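First up is the structure itself, then whatever we jot down about it.
The values are calculated or read from the model by the stated rules, or taken from the named source; none is laboratory data. All figures in this text were calculated on a predicted structure; none of them were measured in a lab. Positions of Cβ are generated from backbone atoms using ideal geometry, with glycine treated the same way; all protein chains shown enter the neighbour counts.
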Amino acid sequence: MPLAVCATPIGNLEDVTLRVLAELASADVVLCEDTRHTRGLLERHGISARLLSYHEHNEAKRTAELLPRLEAGERIALVSDAGLPGVSDPGVRLVRAALDAGIDVTVLPGASAVETALVASGLVAEQYRFLGFLPRGEKKLAAVWKELGCWSWPAVAFESPQRLPAALRSLAAADPQREVAVCRELTKRFEEVVRGTATEVAQRFSEAPRGEITLVFGAAECVADSGDEERAIVAITELVASGVPRRLAAEIVSRLVGIPRNQLYERSL
């Protein structure tokens, strides 16, 4: 049997798919971050299952224990407290181990805090960047804002409510007009989406709120230094001369310097 990676609700317990419920009911064992949390979901939907803890502190040990059971044909389902395991949650180690052992892995999709927040923010574009959890400390946060300074697409990040005020103050100092949406308690009773500039939102959340937080940052309005752009064109020209296709060269250099790819491509012609 394949390892079944199952998405669970990010808040509202009704946001679970029929496929996930059927898989959890059929599994020989359900791996979960917090057995109490997952038991609440199962009881809500009338499912009885054998639960086994699988979290960041025992992930290596559990993977070694479970791999032989998967190879023997046991039906094992993996869940996290919310969302899809492996995305800022435990699970990657077991998935990789199963794949390396030739065991099939099937993913049962479901609710996503990232995509829910992105759509709710109104800052959707053709692509976006997922940052995971924001780093701790002013210097590391400043490095993130600098990296996003010329990123011409939205970005999504997770942050704890306790660190949210400091993160927003840091962004407001670095890029006060950056569009931001703070999405709190998505899909739950007290869901809230606060939109505005970094300065406005930092003022709104001067104190730590309650609940799960997902942040969406709007695209940057980047004005490239003329010298940087000229150097970027030279780099593209050299890459093309060495045999790299022009569009690929423009894409590579764009990622390095933060200048839009199409702008570099057109100028390099």
Next item on the list: Could you list, in sequence order, all residues of region 176-194 that are within 21 Å of residue 10 (Cα to Cα) and charged (D, E, K, R)?
Entry: 184, 185, 188, 189, 191, 192
Note to self: Against the condition within 24 Å of residue 84 (Cβ to Cβ), out of contact with any Pro (no Cβ under 8 Å at 6 or more places or on another chain) and not assigned by TED's automatic domain parsing to the domain that holds residue 21, how does residue 154 come out, does it pass?
What the structure shows: yes
Margin query: What pairs come out if I take residues in region 215-243 that are more than 12 Å from residue 254 (Cβ to Cβ) and pair them with residues that are modelled with pLDDT under 85 and of a type in the set (A, V, I, L, M) whose C-beta lies under 9 Å away, six or more apart or interchain?
Written below: 231/257
Margin query: Out of the residues in region 1-48 meeting the condition of being hydroxyl-bearing (Ser, Thr, Tyr) and within 21 Å of the chain's Cα centre (by Cα), tell me which one is surrounded by the fewest Cβ atoms within 10 Å (Cβ to Cβ).
Written below: 17
Next item on the list: Return a yes/no flag: does region 217-234 have any residue that is in contact with a strand residue (DSSP E or B) (Cβ under 6 Å, 6 or more places away or on another chain), modelled with pLDDT of 90 or more and not hydroxyl-bearing (Ser, Thr, Tyr).
Entry: yes
Next item on the list: Go through (1) surrounded by fewer than 20 Cβ atoms within 10 Å (Cβ to Cβ); (2) in contact with a strand residue (DSSP E or B) (Cβ under 9 Å, 6 or more places away or on another chain) and name the single condition residue 167 misses.
Entry: (1)
Note to self: Can you confirm whether residue 129 is surrounded by fewer than 20 Cβ atoms within 10 Å (Cβ to Cβ), at pLDDT below 95 and charged (D, E, K, R)?
What the structure shows: yes
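Looking at 83, 110, which one is under 15 Å from the mean Cα position of the chain (by Cα) and under 19 Å from residue 52 (Cα atoms)?
Unique residue meeting the criteria: 83.
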Margin query: Tell me the residue from 159, 138, 126 that is closer than 15 Å to residue 220 by Cα, assigned by TED's automatic domain parsing to the domain that holds residue 211 and either among the charged types (D, E, K, R) or out of contact with any Phe, Trp or Tyr (no Cβ under 6 Å at 6 or more places or on another chain) (or both), please.
Written below: 126
Item checked: Qualifying residues in region 194-214 (those that are crowded, with 17+ Cβ neighbours inside 10 Å and of a type in the set (Val, Ile, Thr)) - the one farthest from the chain's Cα centre (by Cα) -> 199
